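Everything below concerns the one structure shown next.
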Amino acid sequence: MEKLEYSNIREEIYFEKLPNGLSVYILPKRGFNKYYATFTTKYGSVTNKFVPLGQSEYITVPDGVAHFLEHKMFEKKDGDVFEQFTKHAANANAFTSFNRTAYLFSCTSNFEENLSTLLNFVQEPYFSDETVEKEKGIIAQEINMYEDNPDWRLYFGAIENMFKDHNVKVDIAGTVESIYKITKEDLYNCYNTFYHPSNMLLFVVGDVDIEKTMNLIKENQANRKFDEPTEIKNEYIFETNEVAKKESTLQMDVSTPKVAVGIKNNESKLQGNQLMKYELALDIIFEYLFSKSSDYYQQLLEEELINDSFGYELTIEYSFGFGVISSDTNKPEELKARLIEMLLKARNLDMSEEDFTTIKNKMLGSTIKALNSPENIANSFTRYKFNDMNMFDVIKTYEELTLDDLKNVLPFFDELAITSNVVLPHDNK
């Protein structure tokens, strides 16, 4: 077991790569009364073309398999896994994102029992034709629910406008049409390929006995048989920053129009420290432009172009990246024009050294504060690690970042990369 020390934030983390390839990280938090663990696979909704484990040819599975698989993992032949967690006073959950699927629990007692349950249910799949068919109706209802959600349609509509071929433009759950094509064999192919321990990361945080916890994990894994780790072959699509569609409008049951302006990254091939520096620089620029403490935000508010619903999201991952700024507004065309204008002006950044330092210190403070949250630590650490980054290097990277470094990311703000999506009330013309 390797001990990794980060003296600047007074943290230490213990790591071991098990013989089956599983990466295990334990972060002791003395005095914390909550335990938290995530068991995550580097597999999400954007991956649908790959070579299954033990085969030689690429296959394409229907959209939505990763999310479907997440649902099915909780159902076993002898009952529902949630009952086991409830029995030991734990809150369990799972989520599927564009590029990973995580299973997790939190508890204040019975930690070892709950950790064993987490390992056991994720590594003991059970799929039958009958239960797969039953799940299709459940997920179809979930998809239809999101289709009726204006904010969801606003957000995903902007993403759909950006991308031509990349699977990120498809809803994480897939479509009603695609999920009805999913078979038990699809689930097993995806599970056997992407849920191999060598493609997964287990992260434990809390006031744990380090040796005892690691031994529990090692004994659990030693009792299981897995194929030898092999390189996973899946197809990545890299697009230029030119959007597929410049604008779109839809009408829904809303009382106030909604506007989203999206901006697309170019190719997104960065990993490791290069990616970390790139996304932190963009974070600072977006905070400068769109945070509620910015001059631009105050101007939009005073002109009654936005309200409290205003916000932005920046996502930069391997093979795709984008930013989305959105708000409810009574002046949709005017707000859309202003947001696009702001993004284009960012290419000639007028940020002062004082503003840069203020924003950087604010975001650095938020990063340090987040280290008090077990949930944030576990999920962020995994996301960074899957991109060949270390979450605990973020503070150092922030500290070393200069205003000149921001100039390197300004090509992101390209007119070709911008799109908009507007949701209008049904009676709006």
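Quick one: in the range 246-262, of everything that is closer than 25 Å to residue 416 by Cα and hydroxyl-bearing (Ser, Thr, Tyr), which residue is surrounded by the most Cβ atoms within 10 Å (Cβ to Cβ)?
It comes out as 248.
Out of all the residues in the range 238-259, which are within 27 Å of the chain's Cα centre (by Cα) and part of a strand (DSSP E or B)?
Residues satisfying the conditions are 247, 248, 249, 250, 258, 259.
If you go through the range 148-166, how many residues are buried (at least 21 other Cβ atoms within 10 Å of the Cβ) and polar (S, T, N, Q)?
So the count comes out to 1.
Is it true that some residue in the range 381-394 is under 25 Å from the mean Cα position of the chain (by Cα), at pLDDT 95 or above and on the phi > 0 side of the Ramachandran plot?
Yes, the range 381-394 contains at least one residue that is under 25 Å from the mean Cα position of the chain (by Cα), at pLDDT 95 or above and on the phi > 0 side of the Ramachandran plot.
Please go through the range 369-383 and pick out each residue that is surrounded by 14 or more Cβ atoms within 10 Å (Cβ to Cβ) and assigned to a helix (DSSP H, G or I). Give the steps one after another, and end with the answer.
We begin by selecting, within the range 369-383, every residue surrounded by 14 or more Cβ atoms within 10 Å (Cβ to Cβ); these are 370-371, 373-383.
370, 374, 375, 376, 377, 378, 379, 380, 381, 382, 383 - these are the residues of the range 369-383 that are surrounded by 14 or more Cβ atoms within 10 Å (Cβ to Cβ) and assigned to a helix (DSSP H, G or I).
Inside the range 22-39, can you point out the residues that are farther than 16 Å from residue 379 by Cα and either outside the structural domain of residue 104 (by TED's automatic domain parsing) or modelled with pLDDT of 95 or more (or both)?
22
So which of 163, 105 ends up being among the aromatic types (Phe, Trp, Tyr), outside the structural domain of residue 262 (by TED's automatic domain parsing) and within 30 Å of residue 229 (Cβ to Cβ)?
When all the criteria are applied, what remains is 105.
Yes/no matrix, rows are residues, columns are (1) among the acidic types (Asp, Glu); (2) assigned to a strand (DSSP E or B); (3) outside the structural domain of residue 415 (by TED's automatic domain parsing); (4) more than 23 Å from the chain's Cα centre (by Cα):
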residue: 301; (1), (2), (3), (4): no, no, no, yes
residue: 307; (1), (2), (3), (4): no, no, no, yes
residue: 322; (1), (2), (3), (4): no, yes, no, no
residue: 327; (1), (2), (3), (4): no, yes, no, no
residue: 333; (1), (2), (3), (4): yes, no, no, yes
residue: 341; (1), (2), (3), (4): yes, no, no, yes
residue: 350; (1), (2), (3), (4): yes, no, no, yes
residue: 361; (1), (2), (3), (4): no, no, no, yes
residue: 364; (1), (2), (3), (4): no, no, no, no
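Which one of these is part of a helix (DSSP H, G or I), of a type in the set (A, V, I, L, M, F, W, C) and either touching a Leu at 6+ places or on another chain (Cβ under 6 Å) or in contact (Cβ under 8 Å) with a residue 24 or more places away in the chain (or both): 201, 118?
118
Which condition number in (1) more than 16 Å from residue 40 (Cβ to Cβ); (2) in contact with a Gly (Cβ under 6 Å, 6 or more places away or on another chain) is the one that residue 100 fails?
With (1) more than 16 Å from residue 40 (Cβ to Cβ); (2) in contact with a Gly (Cβ under 6 Å, 6 or more places away or on another chain) applied to residue 100, the lone miss is (1).
The values are calculated or read from the model by the stated rules, or taken from the named source; none is laboratory data. None of these values were measured; they are calculated from a predicted model. Methodologically, a virtual Cβ is constructed for each residue, glycine included, from the backbone with ideal geometry; neighbour enumeration extends over all protein chains shown.
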